[in-house]
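Values quoted throughout were computed directly from the atomic coordinates according to the rules given, and no laboratory measurement underlies them. A quick note: this is a predicted structure, and the numbers were derived from the prediction, not measured. Virtual Cβ from ideal backbone geometry, glycine too; neighbours counted across all protein chains shown.
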């Protein structure tokens with residue numbers, strides 16, 4: 001294909017958008033809405049996972065042993081804890097180490113008085129879990145061991161984060177699927193209307209021997225441009241709103257600022273992914289309508 | 001060039017549009033296809049351009065078997081043809097130049113060739129200087145000449161004109177027909193579907209009549225048209241009542257038509273090898289009066 005033909009096809013593609021600007025605008029608006037919801041759901045999911053991962057970096061569970069449990073028996077509990085399936089690693093802390101944590105708060109005199117037999121604390125273990133979603137089962141298994149007094153309870157945070165992630169993933173997926181179908185419908189109708197409005201030109205093109213591919217290219221360009229423009233606008237909206245929303249959320253939950261991704265980290269992947277999704281949806285919608293149209297009513301030339 | 005053997009076309013709704021048609025059209029022939037409305041003329045054309053596939057029989061055009069041709073090859077078959085429509089089918093958003101160029105651009109011709117050949121073909125049809133005008137600014141005759149230019153610009157071997165004079169005044173019809181004859185003299189096979197018996201009587205040639213889907217007759221009648229004379233009155237039929245072209249036409253198509261055979265279409269000549277009489281099939285001889293009866297056109301049925 002010659003360069004002038006390529007230029008001509010691009011010109012035709014943009015002419016389609018201009019001539020059919022109201023439907024093109026409707027497609028862009030719907031696609032932007034779909035992409036903003038999709039992108040937001042994806043970013044929430046990514047950030048929740050990031051928070052969960054950062055939680056995993058800390059010792060997630062503290063196992064308090066009974067104060068009367070001897071140091072020897074306390075140490076013997078280590079391998080038993082390690083044998084529990086979801087326990088990735090453990091760290092032993094003696095009752096003296098625990099008391100030291102409170103030295104400042106207690107003051108030197110009280111701290112000295114609590115040394116030795118006066119130490120009310122028991123020995124403890126800090127555990128790291130493999131899968132936070134199995135938090136409850138793991139805690140129950142730990143509590144069945146002899147010598148365990150209590151287990152620190154961070155199940156609320158873990159549970160909420162797991163549920164949030166599940167919600168964002170599942171609900172987001174459904175919303176995206178429904179919107180994707182709606183968008184496909186709108187875009188395929190836009191292209192169908194464009195093709196219908198140009199049926200006259202298409203019949204002339206067919207009569208002079210234009211191939212279906214040649215006829216389709218301007219419409220493919222139209223659908224691609226609609227998808228690309230929607231992708232770029234949607235990512236611009238998301239990127240510009242990301243930092244304010246993140247700061248606002250950090251005001252409620254402090255750890256969000258340190259555990260979530262910054263705008264600098266997300267802008268490029270967001271822009272690229274959104275643009276690609278926009279193009280893909282645009283193309284798919286365009287191709288569906290074109291194949292149907294050119295094989296049926298768009299095949300007529302003499303038309304009588 | 002065109003060969004049909006026992007061709008029938010039955011549409012999915014059961015309508016038998018063509019029945020057992022057998023005919024040959026040779027390279028360089030000028031053929032009228034006549035017959036009443038609903039006779040099967042349009043279906044005949046649709047089979048030739050492979051808009052429809054024949055239900056039975058054998059059909060080949062320009063050496064291509066239309067019964068077995070792959071879908072992807074149909075556009076290339078159509079590139080060997082030019083089609084002139086009754087309703088001109090010009091794109092009003094485009095000027096004259098772009099309307100004609102559209103046919104070349106649609107098959108991916110380079111812009112340099114487009115510019116060169118469109119200018120040449122507009123000269124052939126006598127529309128030089130109208131390049132920047134919109135179709136709506138032109139008279140019916142001029143519009144049909146733009147349509148003709150578009151059909152010619154890809155240098156077709158066969159020119160199919162589907163009621164080319166159906167939407168224009170009788171006097172302009174005569175001019176369009178003269179152009180078609182001149183194009184035929186360049187070696188292009190011309191097939192004209194028409195209802196207008198006066199034109200058939202004047203220009204003569206091979207006349208194929210289709211009635212109720214069947215090949216009713218296939219005659220050759222002598223022409224009354226003398227290309228050396230440029231007006232209908234001078235064309236050999238003293239009874240003609242047509243008037244000269246209206247003044248709305250910027251150029252005189254009569255003289256342009258007379259000169260078509262002398263003009264090169266493009267950078268490379270597409271004229272027939274000898275430009276003389278075609279190597280016609282062997283239709284029966286008939287008189288103009290016979291054909292008048294054959295065409296069976298009632299007054300007012302100008303569709």
How high is the FRET efficiency from residue A:117 to residue A:75, r the C-beta distance, R0 22 Å, rounded to 0.05? 0.70
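Full-extension gain between residue A:22 and residue A:245, please, as 0.36 nm times their residue separation minus the C-alpha to C-alpha distance.
Details: separation 223, 0.36 × 223 = 80.28 nm, distance 3.23 nm.
Extra length available between residue A:22 and residue A:245 comes to 77.0 nm.
Is the stretch B:1-153 best put as rounded, prolate or oblate by its Cα gyration tensor, with a ≥ b ≥ c the root eigenvalues, rounded for a/c under 1.5, and otherwise prolate when a/b is larger than b/c, oblate when not? Don't skip to the end; give the middle numbers.
Details: a/c = 2.34, a/b = 1.84, b/c = 1.27.
Note, shape of the stretch B:1-153 comes out prolate.
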Which value in nm describes the separation of the simple spin-label points at residue A:160 and residue A:102, placed 7 Å from the Cα toward the beta carbon? 2.7 nm
Convex hull volume of the stretch B:143-186 per residue (C-alpha atoms, cubic angstrom): 61 Å³
Exposure proxy ranking, count of Cβ atoms within 10 Å, fewest first, for A:24, B:147: A:24, B:147
Hey, what angle do you get for helix A:71-82 against the long axis of chain A, alpha-carbon based, 0 to 90 degrees rounded to 10? 20 degrees
Work out, step by step, the length gained on full extension between residue B:111 and residue B:132: first 0.36 nm times the residue separation, then minus their alpha carbon distance; give nm to one decimal. 5.9 nm
Hull surface divided by four, with the convex hull built on the Cα atoms of chain A: how many nm²? 22.7 nm²
The stretch B:79-105-the stretch A:92-155 distance, computed between alpha-carbon centres (Å): 88 Å
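Stokes-Einstein diffusion coefficient for the stretch A:1-95 at 25 °C in a medium of 0.890 mPa s, Rh from the Kirkwood formula over Cα pairs: what value in µm²/s?
Details: Rh = 20.0 Å.
Diffusion coefficient, whole number: 123 µm²/s.
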Tell me, what is the FRET efficiency for residue A:88 and residue A:66 to the nearest 0.05, using R0 = 22 angstrom and their Cβ-Cβ distance as r? 0.35
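Could you put A:274, A:205, A:23, A:114 in order, starting from the residue whose Cβ has the fewest other Cβ atoms within 10 Å?
Numbers: A:274 29, A:205 24, A:23 20, A:114 16.
Listing A:274, A:205, A:23, A:114 from fewest to most nearby Cβ atoms yields A:114, A:23, A:205, A:274.
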Packing-based exposure ordering (other Cβ within 10 Å, fewest first) of B:225, A:64, A:18, A:90: A:18, A:64, A:90, B:225
Please find, in a Gaussian network model of chain A (springs between Cα atoms separated by less than 10 Å), the residue of A:249, A:263, A:105 whose mean-square fluctuation is greatest. A:105
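Compute the Kirkwood hydrodynamic radius of the stretch B:48-113, taking the inverse of the mean of 1/r over all pairs of distinct Cα atoms, and give it in Å to one decimal.
Working: mean 1/r = 0.0713 Å⁻¹.
Answer for the stretch B:48-113: a Kirkwood hydrodynamic radius of 14.0 Å.
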Could you state the principal axis extents of the C-alpha atoms in the stretch A:49-143, from the largest down, to the nearest angstrom? 45, 30, 17
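Enter the mean projected area of the convex hull around the alpha-carbon atoms of the stretch A:148-281, in nm², rounded to one decimal. Walk me through the intermediate numbers first.
Values: hull surface 48.2 nm².
Taking the Cα atoms of the stretch A:148-281, their convex hull projects to 12.0 nm² on average.
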